[in-house]
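In what follows, a single structure is set out as structure tokens and then discussed.
The values are calculated or read from the model by the stated rules, or taken from the named source; none is laboratory data. All values reported here derive from a predicted model rather than from experimental measurement. Quick reminder, even Gly has a Cβ in these numbers, built from the backbone with ideal geometry, and neighbours come from all protein chains shown. All accessible areas refer to the heavy atoms of the entire protein, side chains included, with ligands and DNA or RNA removed. Shrake-Rupley method; radii C 1.70, N 1.55, O 1.52, S 1.80 Å.
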Amino acid sequence: MKTSFDPRHQRRQHIIQEIFSTEFHEQAVGPQSRDVLKHREFLDAQIQQAAPDFPVDKINRVDLAILRLAIYELLIEKKVPRNVIIDEAIELAKEFANETSPAFVNGVLGHISSETDKKLNAKR
């Protein structure tokens, strides 16, 4: 069972904190956060498509950091099973963000996940 002491969870916590802090000031970040931030435009476009009623610049910055990391893991890195990524993102939202964040994060990632499935099925 996953705990808050799991090194993978702690790694994600650290990345979220780095991504979040870059919203407010320039700073050096680790290589994993740098990889996520390199794809910020693509990630934000995915968020905008999945949640058109919520402009990216109006989304809670913690939620945005969580979504950027999760979408990066889902669509670019592709090393971890989808359900694990989504579950971890929801847990991070419960831990760091407000009470509505877990549902919002789940909804955005669920939409992206189902759209990814549709694209894969269309190619077959």
Checklist entry - Which one is most open to solvent (accessible area, probe 1.4 Å) among residues in segment 30-43 that are in a helix (DSSP H, G or I) and farther than 23 Å from residue 113 by Cα? => result 34
Checklist entry - Among 27, 10, 46, which is open to solvent by 60 Å² or more (accessible area, probe 1.4 Å) and not in a loop (DSSP other than H, G, I, E, B)? => result 10
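Just give me the residues in segment 82-98 being touching a residue at least 40 places away in the same chain (Cβ under 8 Å) and open to solvent by less than 30 Å² (accessible area, probe 1.4 Å), in sequence order. Steps first, answer last, please.
In the first step, residues of segment 82-98 are kept if they are touching a residue at least 40 places away in the same chain (Cβ under 8 Å); the result is 88, 91-92, 95-96.
Residues satisfying the conditions are 88, 92.
Suppose we filter segment 112-124 for residues that are over 13 Å from the mean Cα position of the chain (by Cα) and open to solvent by less than 70 Å² (accessible area, probe 1.4 Å); how many remain? Let's see the steps before the verdict.
Of the residues in segment 112-124, the ones over 13 Å from the mean Cα position of the chain (by Cα) are 114-124.
Keeping just the survivors that are open to solvent by less than 70 Å² (accessible area, probe 1.4 Å) gives 114-117.
Of the residues in segment 112-124, 4 are over 13 Å from the mean Cα position of the chain (by Cα) and open to solvent by less than 70 Å² (accessible area, probe 1.4 Å).
Restricting to segment 4-43, what's the tally of residues that are acidic (Asp, Glu) and either under 17 Å from the mean Cα position of the chain (by Cα) or at pLDDT 95 or above (or both)?
Looking only at segment 4-43, we keep the residues that are acidic (Asp, Glu), and these are 6, 18, 23, 26, 35, 41.
If we keep only those that are either under 17 Å from the mean Cα position of the chain (by Cα) or at pLDDT 95 or above (or both) too, we end up with 18, 23, 35, 41.
Total satisfying the criteria: 4.
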Next on the checklist: When you scan segment 104-113, do you find a residue that is hydroxyl-bearing (Ser, Thr, Tyr) and outside any helix (DSSP H, G or I), even just one?
Outcome noted: no
